[in-house]
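> Got a structure for you, questions after.
The values are calculated or read from the model by the stated rules, or taken from the named source; none is laboratory data. The structure displayed is predicted, hence computed values, not measured ones. Because the Cβ atoms are built from the backbone with ideal geometry, glycine has one as well, and the counts that use them run over all protein chains shown.
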């Protein structure tokens with residue numbers, strides 16, 4: 001964990017996790033999905049006569065949904081996405097991506113063991129993602145992760161997508177949780193903004209997908225390894241009372 005997260009040094013009873021809700025972003029937080037997303041985007045670009053984009057450039061664009069990825073990808077390729085063409089290209093992209101949804105995508109290290117440990121401690125787990133719900137479930141099913149979650153709420157299943165706080169609140173409600181005893185775990189500015197507006201403390205991973213340095217996104221705690229999620233959530237649940245965020 002980062003040195004600035006001094007609060008994590010103090011031992012705290014694991015009972016704090018019992019009944020708490022931990023909401024996770026998907027792309028860049030639970031699963032490294034960039035390889036399959038980049039491949040799908042580059043196939044679309046090639047079909048449109050455009051050059052492929054470097055992996056590292058596209059990786060930073062992931063996490064805002066299919067349409068946003070296409071818009072940013074086409075702009076980076078030097079051909080802004082035509083508004084009239086966008087719906088068909090989004091449909092084509094989703095079909096391509098669904099067909100290879102877990103060819104190269106994989107959970108980040110320690111994800112499975114950490115989810116098992118959180119559930120064993122009595123936490124409710126949910127996925128709060130700007131990915132479409134059916135794509136999210138397809139990915140989680142392919143990786144045998146769905147069974148760990150009480151709810152999966154994609155952008156199309158929420159009143160509005162992150163950074164709107166209603167996405168976080170709808171996800172917590174779908175898991176049967178209480179925002180006063182919840183944590184949002186993510187990797188991007190959308191996760192941080194949505195959770196802050198929902199008055200839910202935010203834990204950000206440093207290995208995810210973000211254009212701006214993760215230290216500048218406003219998360220309450222940062223972690224470098226997924227195995228640190230339980231202790232970080234315990235610290236946040238202890239330090240952030242109902243209706244507040246920040247340590």
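> Answer yes if at least one residue in the range 83-97 is in contact with a helix residue (DSSP H, G or I) (Cβ under 7 Å, 6 or more places away or on another chain) and outside any helix (DSSP H, G or I), and no otherwise.
No, the range 83-97 contains no residue that is in contact with a helix residue (DSSP H, G or I) (Cβ under 7 Å, 6 or more places away or on another chain) and outside any helix (DSSP H, G or I).
> Which of the following residues is closer than 20 Å to residue 168 by Cα, in the same structural domain as residue 188 (by TED's automatic domain parsing) and not in a helix (DSSP H, G or I): 125, 115, 135, 140? Explain how you work it out, then say what you get.
On the way: 115 fails: not in a helix (DSSP H, G or I); 135 fails: not in a helix (DSSP H, G or I); 140 fails: not in a helix (DSSP H, G or I).
Step by step, each of 125, 115, 135, 140 is checked, and only 125 is closer than 20 Å to residue 168 by Cα, in the same structural domain as residue 188 (by TED's automatic domain parsing) and not in a helix (DSSP H, G or I).
> Among the residues of the range 48-64, which ones are in a helix (DSSP H, G or I) and free of Cβ contacts under 8 Å to residues at least 24 places away in the same chain?
Hits for the range 48-64 are 55, 56, 57.
> Sticking with this structure for a sec: For residues that are in a loop (DSSP other than H, G, I, E, B) and touching a strand residue (DSSP E or B) at 6+ places or on another chain (Cβ under 6 Å), tally how many sit in the range 144-159. Steps first, please.
We begin by selecting, within the range 144-159, every residue in a loop (DSSP other than H, G, I, E, B); these are 144-145, 149-150, 154, 158-159.
With touching a strand residue (DSSP E or B) at 6+ places or on another chain (Cβ under 6 Å) added as a condition, the list becomes 149-150.
Matching residues across the range 144-159 total 2.
> May I pose another question? Would you check if residue 35 is in contact with a helix residue (DSSP H, G or I) (Cβ under 8 Å, 6 or more places away or on another chain), assigned to a loop (DSSP other than H, G, I, E, B) and surrounded by fewer than 24 Cβ atoms within 10 Å (Cβ to Cβ)? Write out each step before concluding.
Numbers: in contact with a helix residue (DSSP H, G or I) (Cβ under 8 Å, 6 or more places away or on another chain): yes; assigned to a loop (DSSP other than H, G, I, E, B): no; surrounded by fewer than 24 Cβ atoms within 10 Å (Cβ to Cβ): yes.
Judged against the criteria, residue 35 is not a match.
> I'd like the full set of residues that are in contact with a helix residue (DSSP H, G or I) (Cβ under 7 Å, 6 or more places away or on another chain) and either outside any helix (DSSP H, G or I) or surrounded by fewer than 21 Cβ atoms within 10 Å (Cβ to Cβ) (or both), limited to the range 65-82.
65, 67, 76, 77, 80, 81
> Wholly within the range 160-247, which strands (runs of 3 or more DSSP E) include no fewer than the required count, namely at least 3 residues that are crowded, with 21+ Cβ neighbours inside 10 Å? It would help to see each step written out before you state the result.
Details: elements: 182-186, 202-205, 221-223.
Ranges flagged: 182-186, 202-205.
> Which condition number in (1) surrounded by 20 or more Cβ atoms within 10 Å (Cβ to Cβ); (2) more than 15 Å from the chain's Cα centre (by Cα) is the one that residue 150 fails?
Failed condition: (1).
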